[in-house]
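As structure tokens, the structure follows; a few thoughts come after it.
The values are calculated or read from the model by the stated rules, or taken from the named source; none is laboratory data. The model shown is predicted, which means the values in this text are computed figures rather than measured ones. Positions of Cβ are backbone-derived with ideal geometry, glycine not excepted, and every protein chain shown enters the neighbour counts.
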Ligand SMILES: Nc1ncnc2c1ncn2[C@@H]1O[C@H](COP(=O)(O)OP(=O)(O)O)[C@@H](O)[C@H]1O
Ligand SMILES: N[C@@H](CCOP(=O)(O)O)C(=O)O
């Protein structure tokens with residue numbers, strides 16, 4: 001049996017639309033073993049057929065690696081919620097792709113998996129940290145990923161998870177097709193400041209730079225709690241962004257107790273569930289048993 005563990009991710013990181021993503025120490029586990037016919041357990045029945053994302057990724061990986069795809073029993077152990085902007089789809093894609101090589105006795109080639117996974121997702125921002133951990137900034141130059149990881153060991157995170165689902169496909173439809181030169185320049189400058197601030201552990205700088213103009217102005221309409229939370233965070237110099245395409249919002253701080261207080265506040269004032277996490281440094285992990 002092969003056990004593949006993949007972290008949840010918080011994509012976009014505010015000013016890194018489609019390019020930045022942060023791995024979290026909140027993991028999905030995927031078990032693979034040979035079977036007589038395809039069997040998928042541990043997920044809702046509606047997702048347990050031939051169109052299951054893990055299985056589709058496995059087939060894509062088999063084609064890329066030149067393997068003949070054997071039927072599998074895939075068992076999922078994951079409490080990463082679907083369609084909340086925590087990269088549940090990225091965990092499935094990365095696990096399925098990695099399984100294609102591992103099931104056939106070869107080590108999963110992480111850079112090849114990144115390119116394939118980015119192709120399946122349509123953007124590399126959450127699959128890169130799911131594979132490599134940390135905060136990854138990734139751009140696709142034709143089919144080649146150009147990637148740099150930022151160490152996040154100075155930071156803690158709070159994932160605030162509303163009940164409403166937001167499908168990524170739907171949340172992309174609300175975005176404008178073009179932006180102005182002024183907005184593009186502003187976003188580029190803020191993205192550079194944001195990463196510098198993270199590396200220096202400068203929370204004021206990160207908070208000042210954490211002002212997206214490419215997607216949050218449109219997506220906040222899908223998340224009723226966002227504006228109140230963003231105002232409260234800014235008043236306390238806490239960077240907060242819409243995680244992926246939402247509905248989760250991710251706050252980060254150098255000070256874990258600041259996030260503990262915020263966790264109590266969002267529960268009491270807004271009735272919201274949340275989870276304290278740390279950035280993950282490992283990314284994709286594979287165990288043969
Ligand atoms: N544990 C799982 N089992 C089966 N399919 C899953 C699982 N987690 C995610 N998926 C797939 O990923 C889709 C959600 O992807 P998406 O809308 O991009 O949201 P997210 O922000 O969670 O990645 C689901 O509709 C389903 O196809
Ligand atoms: N850049 C993408 C990220 C989607 O992430 P997910 O975790 O919501 O799948 C987007 O913003 O559409």
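Just for strands (runs of 3 or more DSSP E) wholly inside the stretch 177-289: which have at least 3 residues that are away from ligand 1 (no atom under 16 Å from the Cβ) and under 30 Å from residue 4 (Cα atoms)?
Fully inside the stretch 177-289 and qualifying: 249-253, 285-288.
Yes/no matrix, rows are residues, columns are (1) in contact with a strand residue (DSSP E or B) (Cβ under 8 Å, 6 or more places away or on another chain); (2) within 16 Å of ligand 2 (Cβ to nearest atom):
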| residue | (1), (2) |
| --- | --- |
| 14 | yes, yes |
| 30 | yes, no |
| 41 | yes, no |
| 114 | yes, yes |
| 117 | no, yes |
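So residue 201 fits all but one of (1) surrounded by 14 or more Cβ atoms within 10 Å (Cβ to Cβ); (2) out of contact with any strand residue (DSSP E or B) (no Cβ under 6 Å at 6 or more places or on another chain); what number is the exception?
(1)
Go through the stretch 79-96 and report how many residues are crowded, with 24+ Cβ neighbours inside 10 Å and either more than 16 Å from ligand 2 (Cβ to nearest atom) or on the phi > 0 side of the Ramachandran plot (or both).
The total comes to 2.
Could you please let me know if residue 253 is in contact (Cβ under 8 Å) with a residue 40 or more places away in the chain, farther than 24 Å from residue 82 by Cα and touching a strand residue (DSSP E or B) at 6+ places or on another chain (Cβ under 9 Å)?
Yes, satisfied.
What residue, among those in the stretch 208-222 that are crowded, with 21+ Cβ neighbours inside 10 Å and more than 11 Å from ligand 2 (Cβ to nearest atom), is nearest to the chain's Cα centre (by Cα)?
210
Failed condition for residue 197, given (1) touching a helix residue (DSSP H, G or I) at 6+ places or on another chain (Cβ under 6 Å); (2) within 16 Å of ligand 2 (Cβ to nearest atom); (3) within 20 Å of residue 278 (Cα to Cα), with all others met?
The single condition residue 197 does not satisfy is (2).
Look through the stretch 31-57, keep the residues that are assigned to a helix (DSSP H, G or I) and within 14 Å of residue 92 (Cα to Cα), and return whichever of them is modelled with the lowest pLDDT.
Ranking the qualifying residues of the stretch 31-57, first place goes to 47.
Could you look through the stretch 7-25, keep only residues that are within 12 Å of ligand 1 (Cβ to nearest atom) and in a strand (DSSP E or B), and pick out the one that is surrounded by the most Cβ atoms within 10 Å (Cβ to Cβ)?
Looking at the filtered set, the residue picked out is 9.
Scan the stretch 132-153 for residues that are farther than 12 Å from residue 281 by Cβ, in contact (Cβ under 8 Å) with a residue 40 or more places away in the chain and surrounded by fewer than 19 Cβ atoms within 10 Å (Cβ to Cβ) and report the count.
Total meeting the criteria: 1.
Filter the strands (runs of 3 or more DSSP E) completely within the stretch 58-174 down to those with at least 3 residues that are within 16 Å of ligand 1 (Cβ to nearest atom).
Strands (runs of 3 or more DSSP E) meeting the threshold: 72-78, 156-161.
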